[in-house]
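S.K.: First the structure, which I've put down as structure tokens, then a few questions once you've had a look.
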Amino acid sequence: MICAISGEAPEEPVVSKKSGLLFEKRLVERHIKDYGKCPVTGEPLTMDDIMPVKTNKVVKTRPLQAASLPGLLGMFQNEWDSLMLSNFALEQQLHTARQELSHALYQHDAACRVIARLKKERDEAMALLAQPQVERQTSMPESNASGPELSNGKRAHDDEELDHNAKKMRQGVTSDIIAEIAECNAMLSQQRKRRPAPETLAPIEALQSYTQVSSHPLHKTSKPGILSADIHPSKDIIATGGVDTNAVIFDRTSGQILSTLSGHSKKVSGVKFVPRDDIFVTCSADKTVRLWKGQEDGNYNCAHILKDHTAEVQAVTVHATHKYFASASLDNTWCFYDLSSGFCLTQVGDAPGTAGYTAAAFHPDGLILGTGTTDALVRIWDVKTQSNVAKFDGHVGPVTAISFSENGYFLATAAQDGVKLWDLRKLKNFRNFAPYDSNTPTNSVEFDHSGNYLAIAGSDVRVYHVANVKSEWNLIKTFPDLSGTGKTTCVKFGADAKYIAVGSMDRNLRIFGSADGSVTSADS
């Protein structure tokens, strides 16, 4: 008894009354339901024409492979191999799907970043274009009363007309200024001796846990690179100077650019905040220094363009009185200025042909000025007499950065060969750091405001715990260069070392701090 459809012995046989053919019940029922006719003869057929056949239970014969143990093992092996091949194929499909998804997500993220950057640049350009000409014209009378002023870098005609004879007219450091500097020195020196470490200072454990918390593209992509940075001492705003000839004022709290200062024609090599009267100072490779005045709307207008130097201006530094500042240039001179008028009180120079100045910083008490030169020499100047009172040698390559400790005892200098620490009481070098190879210069060195931490920047950023002359200065944390350029150019500590701002040769300002945004003070 064989089913006319399957060709096998049926489990539940039925026979057609019309044709007498034998079928498997479930198969013929499905065929009649779908087509309404006999699957063999094609005649019309209904379930009423089907009659069950009573037979003994059919026992299916075993396949030949299942008749022995080796045959069973072979069957199981074949089934297992088939299962493994199927599983491998599924895994390959899953891996391919994951790769395609990852690539799609990466492309989407990159597209979003490009769109965001283009929107920001478009908004900045529109904001600059939207400044009405009427405001410039109405502000001219006020500007002429106090000196030439310009808005976001539009040149002041009076400053441009300064000739060489005008530059040579120097008032000098008068007795009143000397008395003011001496009084400031006495007051700050006395305060420093009594001043303990701030209770709100971030402890070593906090700095060890710091990681990058944000990255901000502040400068143009066409000319990337941040060369200098500064943090306002009382406001949470950061300034950067870039290769793109712009200086940018950035609010760290909101993550927004407050103002983009354009006007320099070459890279901005130095930036410095002046807390008093909301003044901002920039210097550039275009041989000029610019003084910017903060406005009520958050923008900065250029109040003075200073053209006393004849070569690139490498650094600016503000005096402790907040009334004066100094600039250092590759023309072998440094200038001492009055902040309110922008007038150069004195210009101190070396003999023609000697090395130019590459770095400058005032002592915290304001009585001395430190400068670095292209021939690896560090000079210490008496601000009152403008005389060179000390020279430190031993570096290799131009001095790239200078920083005085808040305690007034230590001076840190950076160059091609690393960082040297100097004891100002004994005028000698007491410790050296050589964190990088001979082809990697140290570009920046910075004490925090409390004098408890020292940061070094080259191909990465390293933070040390400040000790005394005899004790070891321990490395606290190393932050890798995340820009991909291999060159970190500047590093600054935020208030109480609660965060660290880092600039490098891409367009991004990076902020390192606590991941959760909270830092416990050292005494808590």
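S.K.: Which value results for Rg/Rh of the chain when Rg is the Cα radius of gyration and Rh the Kirkwood radius based on the inverse mean 1/r?
M.R.: My calculation puts Rg/Rh at 1.41.
S.K.: Still on this structure, I have one more. Computed FRET efficiency, Cβ-Cβ of residue 41 and residue 104, R0 60 Å: what is it to the nearest 0.05? Kindly include the intermediate steps, with their values, before the conclusion.
M.R.: Values: r = 58 Å, r/R0 = 0.97.
It comes to 0.55.
S.K.: When you count, for each residue, the other Cβ atoms within 10 Å and take the mean per peptide, how do 288-300, 321-333 rank with the highest first?
M.R.: With the highest mean Cβ count within 10 Å placed first, the list reads 321-333, 288-300.
S.K.: Now for a different question. Carbon and sulfur: what percent of the chain's accessible surface (1.4 Å probe)?
M.R.: 53 percent
S.K.: I would also like to ask the following. Restricting to Cα atoms and excluding each atom paired with itself, what does the Kirkwood estimate give for region 407-510 in Å?
M.R.: On the way: mean 1/r = 0.0714 Å⁻¹.
14.0 Å is the Kirkwood radius here.
S.K.: List, in order, the whole-Hz ³J(HN,Hα) value for each residue of region 287-304 obtained from phi through the Karplus relation with A = 6.51, B = -1.76, C = 1.60 and θ = phi - 60°; use x for Gly and Pro.
M.R.: 6, 10, 10, 10, 9, 10, 10, x, 10, 5, 7, x, 7, 10, 9, 6, 8, 8
S.K.: Next question. At 222 nm, what value in deg cm²/dmol follows for the chain if DSSP H runs of at least 4 each add -39500 (n - 2.57) and the sum is divided by all its residues, to the nearest 500?
M.R.: Per the formula, -7500 deg cm²/dmol.
S.K.: To continue, here is another question. Using the C-alpha gyration tensor of region 194-328, what are the square roots of 5 times its eigenvalues, in whole angstrom, with the largest one first?
M.R.: 26, 19, 15
S.K.: Please give the charge dipole size of region 188-287, origin at the Cα centre, charges +1 on K and R Cβ atoms and -1 on D and E Cβ atoms. Round to the nearest 20 debye. Present the calculation step by step, with values, prior to reporting the outcome.
M.R.: Working: 13 positive and 9 negative charges, 83 e Å.
Dipole about the Cα centre, nearest 20: 400 debye.
S.K.: Additional query: For residue 5, which sequence-distant residues (separation of 5 or more, or a different chain) have an amide H within less than 5 Å of its own amide H, given hydrogens modelled in the peptide plane?
M.R.: Amide H neighbours of residue 5: 24.
S.K.: Another question, if that's okay. For the chain, with the dipole built from +1 on Lys and Arg beta-carbon atoms and -1 on Asp and Glu ones, taken about the Cα centre, which of 377, 177, 83 lies farthest toward the positive end?
M.R.: 83
S.K.: So what are the ³J(HN,Hα) numbers for region 320-332, from phi and the Karplus equation (6.51, -1.76, 1.60; θ = phi - 60°), rounded to whole Hz, Gly and Pro as x?
M.R.: Result, ordered by residue: 5, 6, 6, 10, 9, 8, 10, 10, 10, 9, 6, 7, 6 Hz.
S.K.: Any chance you could look up the accessible area of residue 437 with a 1.4 Å probe, heavy atoms only, rounded to 10 Å²?
M.R.: Near enough 90 Å² of accessible area.
S.K.: Can you give the Rg to Rh ratio of region 1-109, both from alpha-carbon atoms, with Rh computed by the Kirkwood formula? Kindly include the intermediate steps, with their values, before the conclusion.
M.R.: Details: Rg = 24.5 Å, Rh = 18.5 Å.
Rg/Rh for region 1-109 comes to 1.32.
S.K.: Next up: For the chain, give me the percentage of DSSP beta bridges that are antiparallel, rounded to the nearest 5 percent.
M.R.: 100 percent
S.K.: How would you order 397-406, 120-129, 205-214, 246-255 from highest to lowest mean count of nearby Cβ atoms within 10 Å?
M.R.: Result, highest mean first: 397-406, 246-255, 205-214, 120-129.
S.K.: If the viscosity is 0.692 mPa s and the temperature 37 °C, what Stokes-Einstein diffusion coefficient in µm²/s follows for region 328-469 when Rh is the Kirkwood radius over Cα pairs?
M.R.: Numbers: Rh = 15.5 Å.
For these conditions, the coefficient is 212 µm²/s.
S.K.: Check residue 261: other-chain or 5+ apart residues with amide H under 5 Å from its amide H, H built from backbone geometry?
M.R.: For residue 261, whose amide H was placed from the backbone, the distant partners under 5 Å are 247, 248, 249.
S.K.: Label point 7 Å out from residue 48 along Cα-to-Cβ: which residues of region 1-36 have amide N under 20 Å?
M.R.: Flagged as within label range: 14-21, 28-36.
S.K.: Per residue, what accessible area does the chain have, given a 1.4 Å probe and all protein chains present, in Å²?
M.R.: Heavy-atom SASA per residue in the chain reads 52 Å².
S.K.: Leaving ligands and nucleic acids out of the surface, order 505, 187, 75 by accessible area at 1.4 Å, largest first.
M.R.: 187, 75, 505
S.K.: OK, next. How many angstrom lie between the C-alpha centres of region 459-522 and region 332-379?
M.R.: The distance from the Cα centre of region 459-522 to that of region 332-379 comes to 28 Å.
The values are calculated or read from the model by the stated rules, or taken from the named source; none is laboratory data. What you see is a predicted model; the values in this text were computed from it and never measured. Backbone-built Cβ (ideal geometry, glycine too); neighbour counts: all protein chains shown. Please note that ligands, DNA and RNA were not included when accessible areas were found on the heavy atoms of the full protein model with its side chains. Shrake-Rupley method; radii C 1.70, N 1.55, O 1.52, S 1.80 Å.
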